[in-house]
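The values are calculated or read from the model by the stated rules, or taken from the named source; none is laboratory data. Since the structure is predicted, the reported quantities are computational estimates derived from the model, not experimental observations. Positions of Cβ are generated from backbone atoms using ideal geometry, with glycine treated the same way; all protein chains shown enter the neighbour counts.
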Amino acid sequence: MKLLSLLTLLLLAFGSNEACQVQDSSSETAKDWWQTAQFYQIYPRSFKDSDGDGIGDLNGITSKLEYLKDLGITAAWLSPIFKSPMVDFGYDISDFFDIQAEYGTLEDFRALIKRAKELDLKIVLDFVPNHSSNESEWFQKSVRREKGYADYYVWHDGKLDSTTGKRQPPTNWLQYFRGSAWEWNEERQQYYLHQFAVQQPDLNYRNPLVVEQMKRVLRYWLNEGVSGFRCDALPPLFEVLPDGDGQFPDELVSGATEDTDDRNYLTTTYIENQPETIDMVYQWRAVLDDHQRIHGGNSSVLLIETYSPAWFTMQFYGNRSTEGAHLPFNFNLITVMEQKGISAASVQEAIDLWLKNMPAGRTPNWVLGNHDKRRAASRYGTEHIDGMNMLVMILPGVSVTYQGEEIGMTDGEISWEDTVDPWGCNSNPDIYEQYTRDPERTPFQWTGGSNAGFTNGSFTWLPLAADYETINVERELSDGLSHLKIYKALVALRNSSKTLQNGSTKYQALSEDVFVVQRSLANSAIVLVINFGSVAKSVDLSKFDKNRTESMLLLIRSIDSTKKEGTQYDPKALSLDPSEALVLSSE
């Protein structure tokens, strides 16, 4: 089946209360695999344990690849699996070329890749470029100023207090995990920069040796058969250059909080979103493209994590002369709702913010959650998880699912005593819930039985969410209608529908509560209607699109809807119950 290529995007926006339309080209060229993909994020520690130690692992993932295939997933993205002291659960890497022992071995990883290829599933790895572990051989050599490694990290003598003569950090910069971003190293007699934990020293990307080393990491795992990378934490990759005296500038007080240890207490003008970061992403894209040119096969995808302003984020896509990331992650459906709550108006704002700023010819993507944000069902409300899953599947481009969103998993309740996330542990019992990321990382719920079917052992590395007996894969596969069955129907529709793969897009907040998305191709249309409100609504879709006058077939409904799939409904008088979401077709 030939697909239509997205060559141009013509965006007609008439304000927040009027319809916006994105028009695809009708040129008969095939899209690349990633342009209509369903990515599924696996947090390995919490997905499936194969050996009874209470920690998820590679063999556990391999054992569940058929589950992903059954969902219709295109590619599984694995959070870090590399050798690590696990201070930040894999984001503090001591060896970028080896597997963390509690997750398995390189042979286990190769078995995973082999099985994934048999199932036509692609595997994408996390790439953590900003820092390493302080237990890395690179860092230890840098501490000793060994040849070739002396400037692998950002080192500084610091300052001397003119009154006391006491040595102080070079600047007032703050780390993400609270407190100073500088740590004194007694052996080297200098401070090193760490924008994350003390045990995560920042690599120095102004050193060409570091740049080439990290490209070696990419090439190594491409040769092992991965289909791309998700690049973690791009904003702090570079900091501003020091002045002529080797001094860095202090950040200003932001006014966002009175907590002087919180990173938001200061601006991040000098330590985030530097222009050199954009160029580095372009260089990584060239590594991936060169690998395909030399070795053949499918293209490898580059995904970018950044919570940066739109003007900066969109530069990651590339420019007229240089290709950048295939997909800078779009977190607007998270961040806008965090600020304004869930409503039709905020959904339209989130979509506008991406599509109005995205360069022509690029591919959009839609993300509901990840391992750093409270679970989608907890943030939006369990009554809205079906509607939000529908939204990211019906909108054009790429969808990204964090494990558990397909079954409506909610946050676990983690006590201070059980907290293990460094962001939470670096705070205190009174405020840790503002920072901890443990609630969204609880073990995946496969069954309602012992330890939710996650492990055969007696221990789980984090406590289970309390609702695992009712929210789990086994039960939702057996229920007549469930979040999981709705999700599977959405992916199947998306994978089979030329209208969803290639059609134009029109969307509008019809009121504060009712949101509509329409995908159209030739005489075919698929329409999503969501009521985000707590009272029933009646909708006339002919006011949204004058062609929507004939009855429409209900394809998929949210879990609490009383309507029937396969039934025709009048679009001019469509009733919507509170929180109801419907996918209808004109075919």
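A compact table of results
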{"quantity": "Where Gln445 falls short, out of the listed (1) closer than 21 Å to Phe89 by Cβ; (2) surrounded by fewer than 21 Cβ atoms within 10 Å (Cβ to Cβ)", "calculated": "(2)"}
{"quantity": "Complete set of residues in the stretch 426-443 that are over 22 Å from Gly56 (Cα atoms) and part of a helix (DSSP H, G or I)", "calculated": "Tyr432, Glu433, Gln434, Tyr435"}
{"quantity": "Filter result (within 25 Å of the chain's Cα centre (by Cα) and either β-branched (Val, Ile, Thr) or farther than 15 Å from Met388 by Cβ (or both)) within the stretch 519-528", "calculated": "Arg519"}
{"quantity": "Per-region count, the stretch 146-166, residues in contact with a Ser or Thr (Cβ under 8 Å, 6 or more places away or on another chain) and either modelled with pLDDT under 95 or exposed (fewer than 12 other Cβ atoms within 10 Å of the Cβ) (or both)", "calculated": "0"}
{"quantity": "Restricting the stretch 140-156 to residues that are outside any helix (DSSP H, G or I) and in contact with a strand residue (DSSP E or B) (Cβ under 7 Å, 6 or more places away or on another chain), the residue that is farthest from Asp202 (Cα to Cα)", "calculated": "His156"}
{"quantity": "Residues of the stretch 281-333 satisfying the condition of being within 20 Å of Val398 (Cα to Cα) and small (Gly, Ala, Ser)", "calculated": "Ser299, Ser300, Ser308, Ala310, Gly318, Gly324, Ala325"}
{"quantity": "Looking only at the stretch 167-204, and only at residues there that are in contact with a helix residue (DSSP H, G or I) (Cβ under 6 Å, 6 or more places away or on another chain) and not polar (S, T, N, Q), the one that is surrounded by the fewest Cβ atoms within 10 Å (Cβ to Cβ)", "calculated": "Glu187"}
{"quantity": "Only one of Tyr67, Tyr91, Tyr103 that is in contact (Cβ under 8 Å) with a residue 24 or more places away in the chain, among the hydroxyl-bearing types (Ser, Thr, Tyr) and out of contact with any Pro (no Cβ under 7 Å at 6 or more places or on another chain)", "calculated": "Tyr67"}
{"quantity": "Residue match in the stretch 244-261 (condition: within 26 Å of Phe109 (Cβ to Cβ) and charged (D, E, K, R))", "calculated": "no"}
{"quantity": "So Val535, is it without any contact (Cβ under 8 Å) to a residue 60 or more places away in the chain, of a type in the set (Val, Ile, Thr), farther than 25 Å from Asp479 by Cβ and surrounded by 14 or more Cβ atoms within 10 Å (Cβ to Cβ)", "calculated": "no"}
{"quantity": "Qualifying position, being more than 19 Å from Gln508 (Cα to Cα) and modelled with pLDDT of 95 or more, among Val347, Val301", "calculated": "Val301"}
{"quantity": "Residue match in the stretch 238-256 (condition: β-branched (Val, Ile, Thr), touching a strand residue (DSSP E or B) at 6+ places or on another chain (Cβ under 9 Å) and surrounded by 14 or more Cβ atoms within 10 Å (Cβ to Cβ))", "calculated": "no"}
{"quantity": "Every residue from the stretch 551-562 that is touching a strand residue (DSSP E or B) at 6+ places or on another chain (Cβ under 9 Å) and surrounded by fewer than 16 Cβ atoms within 10 Å (Cβ to Cβ)", "calculated": "Ser551, Leu553"}
{"quantity": "Hits in the stretch 386-437 (condition: within 24 Å of Gln501 (Cα to Cα) and touching a Gly at 6+ places or on another chain (Cβ under 7 Å))", "calculated": "Tyr402, Glu405"}
{"quantity": "Residue ranges of helices (runs of 4 or more DSSP H) in the stretch 465-530 with at least 3 members in contact with a Gly (Cβ under 9 Å, 6 or more places away or on another chain) and either within 11 Å of Ile407 (Cβ to Cβ) or of a type outside the set (Phe, Trp, Tyr) (or both)", "calculated": "473-478, 483-496"}
{"quantity": "Verdict on Gly228 being closer than 30 Å to Glu118 by Cα, of a type outside the set (D, E, K, R) and modelled with pLDDT of 95 or more", "calculated": "yes"}
{"quantity": "Filter result for Ser46 (touching a His at 6+ places or on another chain (Cβ under 7 Å), touching a residue at least 60 places away in the same chain (Cβ under 8 Å) and of a type outside the set (Lys, Arg))", "calculated": "no"}
{"quantity": "Any chance Asn495 is within 30 Å of Lys31 (Cα to Cα), in contact (Cβ under 8 Å) with a residue 40 or more places away in the chain, of a type in the set (S, T, N, Q) and crowded, with 21+ Cβ neighbours inside 10 Å", "calculated": "no"}
{"quantity": "Hits in the stretch 535-587 - residues which are of a type in the set (Phe, Trp, Tyr), over 25 Å from Leu484 (Cα atoms) and not in a loop (DSSP other than H, G, I, E, B)", "calculated": "none"}
{"quantity": "Boolean, Trp446 is in contact (Cβ under 8 Å) with a residue 40 or more places away in the chain, assigned to a loop (DSSP other than H, G, I, E, B) and not aliphatic (A, V, I, L, M)", "calculated": "yes"}
{"quantity": "Hits in the stretch 513-524 (condition: out of contact with any Phe, Trp or Tyr (no Cβ under 8 Å at 6 or more places or on another chain) and surrounded by fewer than 23 Cβ atoms within 10 Å (Cβ to Cβ))", "calculated": "Ser520, Leu521, Ala522, Asn523, Ser524"}
{"quantity": "Options Thr382, Thr335; residue that is surrounded by fewer than 23 Cβ atoms within 10 Å (Cβ to Cβ), under 27 Å from Ala492 (Cβ atoms), in contact (Cβ under 8 Å) with a residue 12 or more places away in the chain and not assigned by the TED database to the domain that holds Leu174", "calculated": "Thr382"}
{"quantity": "Residue that is nearest to the chain's Cα centre (by Cα), among those in the stretch 106-139 that are within 15 Å of Gln213 (Cβ to Cβ) and not in a loop (DSSP other than H, G, I, E, B)", "calculated": "Phe127"}
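Quick grid of which residues meet (1) assigned to a strand (DSSP E or B); (2) at pLDDT below 75; (3) buried (at least 16 other Cβ atoms within 10 Å of the Cβ):
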| position | (1), (2), (3) |
| --- | --- |
| Lys2 | no, yes, no |
| Gln21 | yes, no, yes |
| Thr29 | no, yes, no |
| Trp34 | no, no, yes |
| Phe39 | yes, no, yes |
| Asp53 | no, no, no |
